[in-house]
Structures are given as C-alpha cells and as structure tokens.
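To keep things clear, I will list the structure first and then write my remarks on it.
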Amino acid sequence: MRPVPRAVPPDEIEAIFAEGGPLATLLPGYQPRRAQIDMALAVAAALGTTRGRLVVEAGTGTGKSLAYLIPALLSDGRVVVATGTRALQDQLVDKDAPVAVEAVRRLRAGRPRNDGDDDDDDDDDEPRGKTVLRMKGRNNYLCLLRFERLDRQRTLGFDDTLVQIGRFASSTKTGDRAELTGLPDHLPLWSEIDADRDHCLGSACPSYEPCFLVALRRAAEQADVLVVNHHLLCADQRLRLDNASDAEGFARVLPDFDALIVDEAHTLPDVATDHFGLSCGTDALVRLGVDVRRAANACDGDSRAKLMNDADDLEATSKTAFDAVAAAGSGGTTVGVAAGGDTADALADARADRRLLRLTKDVEQATEALVDALAVLAHDLQKSRSKLVGKDGDVALQKATLDGLSGRTERARAELAFLCGSAASDDRFVCFVDKGPRGVTLTAAPIDVSSPLSGTIFAGDAPVVLTSATLAIGDDVGPFLRQVGLAPDEDPDGDAGAAGGSDRGAERGDDRGDDHDPTGARGHDDVARAIFPSPFDHARRAALYCPTDMPEPDAADWTRRFDDELLFLLSTSKGGALCLFTSHRAMDDAVSRLRAELDARGLRTRKQGERPKHALLDELRGDLRTVLFATASFWEGVDVRGAALRLVVIDRLPFRVPSDPLVRARAEHARKQGKDPFADIAVPEAALVLKQGAGRLLRTVDDAGVVAVLDGRLRKKRYGRVFLDALPPMTRVGSRATLAQFWTRFVQPALGLS
Ligand code: SF4
C-alpha cells in the first residue's frame, strides 16, 4: 500500500493563493478568492487523511481546477485527477497544470518571480518541477504493430490516409490520435490501427520498445499528477476488481496512486454503469471473425481449414443468436448511447432502440449454440499454435496473436454465458438489448452502482475528492452521496444525507452518528462536504424566464406556444442562442418547423450532427447571429463565453425516458426499498441536469443573458420547486414585458450590445 500523501500545511495553501503570492505573479489580474482558497484548504485536508472523503460543489467561477491541482501537487503523492469530458481534461493539462506546477515551484523556491520572468533555467538548488501527464483510453493511441502490418498490405483508397498516418507515426512523440489533425474526426480506418486491448501482444510484440503505450505507462510511473477521464478510471477499477492482469501487467490501465480527485463527478454514476456491467454484441463478434480468418492464413492446411470453418460457424450462430435476442426484446425506447472511452464526446448522441431482454426458448437455444461455437473456436485457436508455418520470428509473433485471439474468444464466451444465464436472473442487474449504429448489443447493467463503487474507488485507504459545479439541490448533496454509495440509503429522520440540513461552506459532516453503523458491518465513511456557490452576480446578470401561462408539454397547444416563445426570445437576443432539447426527435422537429423563419430573420441556424461538436461551438463563438439546436452532450461541457452565448433555451424538464429498461429497473428497485422513484430519484436527477444546462449561460463574471425553460411544469407542479431550488439565484421572470426590460437594462449594457 502506498502511503497517504503528505498533509499540506494550511499556510502553504494560503501563501500560494495570497495577494502577491506565486499565483499572482503568474496570472495577470489575479485576485485572491476566499471560496477558492477554502476549497483548496478542504482538498488539502482530505488528501492528507487516510480514507479522506470530500464532496465539493463549486459553482462556476470558483476556480476549482487550481483549488484541487495545487493541493494535489503540494501533497507530493501520485494523484489521479479524473474528468468527465475531454474539454476539461485538455483544459487541465494545457492551461491550468502549467500554472499550478510553476506556482508550486515558485512557492518552494521561496522567491516569487516578477511577471514576464519566464526564464526556466533551473539552478540546482531549486526544487524540481512536478509533472502532470494526460492519459487517454488506449484506443486513442496508434499501435505501431497494427499500423505496420496494414501499411504492408496497402489497398487503393487507403493509400493517402496511410501515407499521412505514416508521417504522423514517425514524427509524433505520443502516438495520440488528437495530434493527427489533417484527417477527419471519424476515421473508420483508425479502429484497424489503434492500440486496442484485444489486439495487443504485450511484451511479445516486436514493437514493444518503441510502442507509444509502453512509453506512456513508463511516463505515468514517474508522473505526479495523472489526468484521465472517468472512462479510463472506471476501466482501471474494473480490471482491479476482476483481478484481470496479464503477466507483465500490460492489461492494467493506471499505475498505483495515492489519492483520487474526480471532477465533473455528477457523471461518474453513468460511466460506472457502463463499466461495471457486461456486454456482448454483433460488432465485437464480427471483428473477432475477421481476425480469426486473418490469423488462419498463417496456419498449415488442416488448421487453416478448421479455423476458417469455425469463423463461418461463429458468423452463422452469432447472426441467429442476435436476431433472436433482438426479436425477443420487450417494451423499450430510443435512448442516447455513449460510445465509451474518449470517443464519448463525439458519439455520445448516437441513438439506439433499447428493449428489455426476454429470455425466450429461442433466445436460450440460439445463445447456447453461440456459446458452444465460441468454446470450439477458443479450443481450436489454442491447438493451432503448433501448426504455424513460417520463419522462427514470425512463428513467435503468430503464436502471440493466436493466444490473444483465444483469450478474446474465451472472454466473449464467458460474458455471453453470463449475460444469458446468471445475469438474467440476478436482481442486481438489468439485461437489455440495444439495436444501434453498431449492430445489436446485449448488456447487463448494474441497477445500483453504489456497490461496485464502494468496492473499488471507495474501497481503499486512498483519499478521494469528488467535485462538480452540479452536485447539490439547494444545500443538499444527499441524493448524489446515496447514488455513489457514500451515504446510507435510509435515514431514520427522513432527511438522509442532508448533512445536518446544509452543506454550504466547508465542514466535516456532523451527522456521523446517523451514518455510522455501530456493528461496523456496513459502515459509511465520514464524508466531508462543502458547497461554494458561484461568485457571479446571477440576479443582475441572468434572468430565468418561464412564462406564467406556459402550458405543460403534453398540452395540445404546447408546440405552438413553444415556437411562439422561441421566436420572441430570438427576436430579443438576435442570435447567440443555445437551444437544448431533451430528445433528438424534439430537436429535429423544432428545426424543421422553424429553420426557414429563422433564416428569413437573418439568423444562422445550426443543428447538432450537421458538423462536429467543436466546429458547431466555434460557429457559435464566431458569429453573434448563430442559433444552435442541440441535445444530450451539449447540456454540459459547453463553454462559450461573452456575448456569443446570451440565451439558453430549454424545451422540457430533462427527465430520463421512463420506458428505458434501466430507468424502469431502477424505479422498481427504489420501490422495493420503500422509496418513491419519481420524487426520490427522477426529480433530483432531472433537477441536476437542468442545473447543468442552465450553467451554460454564465461562464465568466462578465457574462449576462437569459435562461428560458419553456415547460409549464416548472411553475405548475409542486416538484417544480425542486428544480427552482437547484438553479442559481437568477432573476425570475414570467412575462415578455419584464423580460424585455431585463434585457435592455442589464443584458445589453453588460455585453456591450446595442
Ligand atoms: S505493444 Fe501492443 S499496442 Fe504496443 S505496438 Fe505492440 S501490439 Fe501495439
């Protein structure tokens, strides 16, 4: 076990953030912010405590990145920082970390430098600079072996692309796909040459020494702070849970670390749901068949024929099984499906038709046949190791390839057997079928992620800090704590997890008596909680507009009123708008109805999916007349500052789709625990999503504008109060006349608009 990181003395924190201190010498216009310093002190205290647990909501503008990076660097331990989005990961590494590292170096050197003194000549007496390393999922990195193999068999059409990738391979130091800017974002060829785990030969690989992934892991062993995303963190924790490490530890994702900081922690439960379940789909099995056929060509005649035959069987039984699985799905809905890993930002809005799995006789027979075909294939792959033809070096490589394929096949067999066997009758899981852009996928997802999180991220002594701008409803972070397993499900006072009513400011929860199980059998950590509200002047800079007579979305005239209100709002803002929808269909319909009218008014209508996300956001930034219609991933991680974004419109309160099998299973689970699934789960979850969406508006202290929620339930339903409590204290407006006044009096002058 690695030691707890050093307890950072509070005076070091105070000194680094002080007026005239190291940060002030590095950041032009720097002013100490009490909330930022208090957050840094709270983080430092948590990092210096065995099993330290801290949950912090820090509103936009608190400066939370530096408030955790500085204590992380000062702690002298190896700290993993996990983010929910690529945008924040890049911001931390490219913008915040260099400042934090230099500030720590200056503090320790004991002599703050003057502005502009960027001389980086370390003299020997100065402390060595800390290192911060970005780590992405392995699919982001080029696999030299796969690339060289493909490059040898160039086919027409891929030639130009391969030449570009070849130049990239010989010039890049990291092999990171993000540096390959000359090629389109979605490059189908990339999946043929990435450092995918299924194709990696580990230390048997002839390109092991120059391998980018090997270099990354070596660098990670030396780094002070590793910046990863939630997917990589959960993949790492899942592997540790399964104890699935190969002999050289090459399957492991992260080196051991001393402390963990999870930013954008509100998305952790969803990512954990993806990673602590199991899935098997046609896409993976088709790729397995292709790879088996390729490997078969290296075997002698009999073995080759057998493997080719096995691949045919795999294809046929897989088709029959997944046709049966798809046909047997019941109920269901269309949902957004995340692609996982670092591609999530790009593909988070893919749609899938999701249905609950019904284990019919057809499904059982067809999946059993597929499980058998996989078992035969795994066996034949192992037997073929002795039937390889070729020179010595080639044979060693081919053996490693067959071993890899055999392991993959065995994993697929075991997963499918579990999915159609134990998981289907295990009430901890819900099994469903997705028919999406990547074919049919069968998934067993955990209904409650608090158990796997308690058994992994929160299991060890390493301190953990969870932070986000959206964790609390009012002053209460209880629902989030219960979701991640850091608070008891039941509270005898009916006020579970409320930390004595308020979590505002930094304090250690004083309700330890309620949380603590005297038997020690099911104890909960003592979780410190803090809320630092945004320092922005929401009341004068932002209005929350919901017309007093706005109908509810199921009313007959809601669409007409929505269009009417949106046109009014856009005639007021004249663009600079982000219209957030709760479904793709609603977005598509609204664009179809309104695009011609908006174009006629000189506005530039853009819709998610028409171009990559970053390109659409650049258009929003670049032209004040832009109106961007979007859904799903645009509700968070969008950071458009100034007048470019002065209006955020939300079509409906963002409840999850109730017919989604996962949502239904969680509701049923809550009912069994005596909870009200709507009041206890659906409403708090949706309120936090609304808070995220509304949070797109004010990104800096100088921003101003309007958030419009065009859903009458916000005013008319009793639960509307929960949503209102979750939002920052914007001026509430119910009529067009008042909104127009607010716009003229506050928004226009603040943004310098005429
Ligand atoms: S070690 Fe794995 S990822 Fe690296 S080059 Fe070899 S096969 Fe590719």
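The values are calculated or read from the model by the stated rules, or taken from the named source; none is laboratory data. Not measured: the values here are computed from a predicted model. Cβ atoms come from the backbone with ideal geometry, glycine included; neighbour counts cover every protein chain shown.
Worth a mention:
- Any hit, the stretch 220-229, residues being near the ligand (Cβ under 10 Å from one of its atoms) and within 25 Å of the chain's Cα centre (by Cα): no
- Each residue in the stretch 427-459 was checked for being in a loop (DSSP other than H, G, I, E, B), touching a strand residue (DSSP E or B) at 6+ places or on another chain (Cβ under 7 Å) and among the hydrophobic types (A, V, I, L, M, F, W, C), and 3 of them qualify.
- Among the candidates Gly166, Gly175, the residue that is outside the structural domain of Asp236 (by TED's automatic domain parsing), of a type outside the set (Ser, Thr, Tyr) and surrounded by fewer than 17 Cβ atoms within 10 Å (Cβ to Cβ) is uniquely Gly166.
- Meets criteria (assigned by TED's automatic domain parsing to the domain that holds Arg354, touching a Lys or Arg at 6+ places or on another chain (Cβ under 7 Å) and buried (at least 19 other Cβ atoms within 10 Å of the Cβ)) for Ala321: no
Yes/no matrix, rows are residues, columns are (1) touching a residue at least 12 places away in the same chain (Cβ under 8 Å); (2) of a type outside the set (A, V, I, L, M):
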{"position": "Ala682", "(1), (2)": "yes, no"}
{"position": "Asp703", "(1), (2)": "yes, yes"}
{"position": "Arg713", "(1), (2)": "yes, yes"}
{"position": "Lys716", "(1), (2)": "yes, yes"}
{"position": "Phe742", "(1), (2)": "yes, yes"}
{"position": "Phe746", "(1), (2)": "yes, yes"}
{"position": "Ser754", "(1), (2)": "no, yes"}
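- Residue that is farthest from Arg53 (Cα to Cα) [pool: residues in the stretch 262-276 that are acidic (Asp, Glu) and in a helix (DSSP H, G or I)]: Asp274
- Matching option when the condition is over 20 Å from Thr700 (Cβ atoms), in contact (Cβ under 8 Å) with a residue 60 or more places away in the chain and not in a helix (DSSP H, G or I), among Thr25, Thr60, Thr49: Thr49
- Screening Ala369 against (1) at pLDDT 85 or above; (2) small (Gly, Ala, Ser); (3) under 26 Å from the mean Cα position of the chain (by Cα) leaves a single unmet condition, (3).
- Selection within the stretch 277-318 - free of Cβ contacts under 8 Å to residues at least 60 places away in the same chain and in a loop (DSSP other than H, G, I, E, B): Asn297
- Residue that is farthest from the ligand (Cβ to nearest atom), among those in the stretch 127-151 that are charged (D, E, K, R) and at pLDDT 80 or above: Lys130
- Search result, residues across the stretch 46-72 that are under 20 Å from the mean Cα position of the chain (by Cα) and closer than 19 Å to Arg33 by Cα: Val56, Glu57, Ala58, Gly59, Thr60, Lys64, Ser65, Tyr68, Leu69
- Scanning the stretch 534-568 for residues that are under 19 Å from Arg601 (Cβ atoms), over 32 Å from the mean Cα position of the chain (by Cα) and of a type in the set (A, V, I, L, M, F, W, C) yields Leu567, Phe568.
- Residues (of a type in the set (Ser, Thr, Tyr) and more than 9 Å from the ligand (Cβ to nearest atom)) located in the stretch 173-218: Thr174, Thr181, Ser191
- Residues in the stretch 735-748 include at least one that is in the same structural domain as Leu688 (by TED's automatic domain parsing) and not in a helix (DSSP H, G or I).
- Residue list for the stretch 157-210, restricted to those being touching a strand residue (DSSP E or B) at 6+ places or on another chain (Cβ under 8 Å) and either in a helix (DSSP H, G or I) or polar (S, T, N, Q) (or both): Ile165, Phe168, Ala169, Thr172, Thr174, Arg177, Ile193
- Residue tally, condition in contact with a strand residue (DSSP E or B) (Cβ under 7 Å, 6 or more places away or on another chain) and surrounded by fewer than 21 Cβ atoms within 10 Å (Cβ to Cβ), over the stretch 412-426: 3
- Residue within the stretch 658-665 that is small (Gly, Ala, Ser), surrounded by 22 or more Cβ atoms within 10 Å (Cβ to Cβ) and outside any helix (DSSP H, G or I) present: no
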